[in-house]
Amino acid sequence: LTPIRSRKKRTNTTNTMDPTPQRQHQQNQHPKPLAHKKLPPEVNRILYVRNLPFNITDEDMYDIFGKYGAIRQIRIGQTRDTKGTAYVVYEDIYDAKAALEKLSGFNVANRYLIVLYFNLSKFAQKQLEKEEENLRRLQKKEGVSGEQTRE
């Protein structure tokens, strides 16, 4: 009985210089694909990029962001309020996640990029505030209160 136990012990021990077949199998295993990991709710395919150089081109954006996956669309701000910002829409959510992780703080023309997930609720809130402000300005200009009267 004693020799069998010692043989088992020998086969179960691993030498760091000479890995056992079981250890080799573990080294050759690839990590689970990202599709099996649960993502936080704020993660989506659309990235909002700030602090871009004002003279950045579409080609530059595709060069920088295209390394992380297939891009569906890039929108670069052109107006006075949106210059230096862009939206990058990826085909796959995991590509967007990789781009955000790698490019947040990336230096482009001596400017450090700020890359965030696009937040629809924040965007909608800002749009609503702008529309309300425009409405108040028009009401003041036209001299109306905005109240509806019944006749």
Listed residue pairs exceeding 23 Å between alpha carbons, taken from Lys83/Lys140; Lys97/Lys130; Lys67/Lys126; Lys38/Lys102: Lys83/Lys140; Lys97/Lys130; Lys67/Lys126
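On a full-extension model of 0.36 nm per residue, what is the gain between Asn110 and Glu142, subtracting their alpha-carbon distance, rounded to one decimal in nm? Working shown, then result.
Details: separation 32, 0.36 × 32 = 11.52 nm, distance 4.67 nm.
Extending this stretch completely gives an extra 6.9 nm.
We did not get these values from a lab; they are worked out from the coordinates using the rules stated. Everything quoted here is computed from the prediction, not taken from an experiment.
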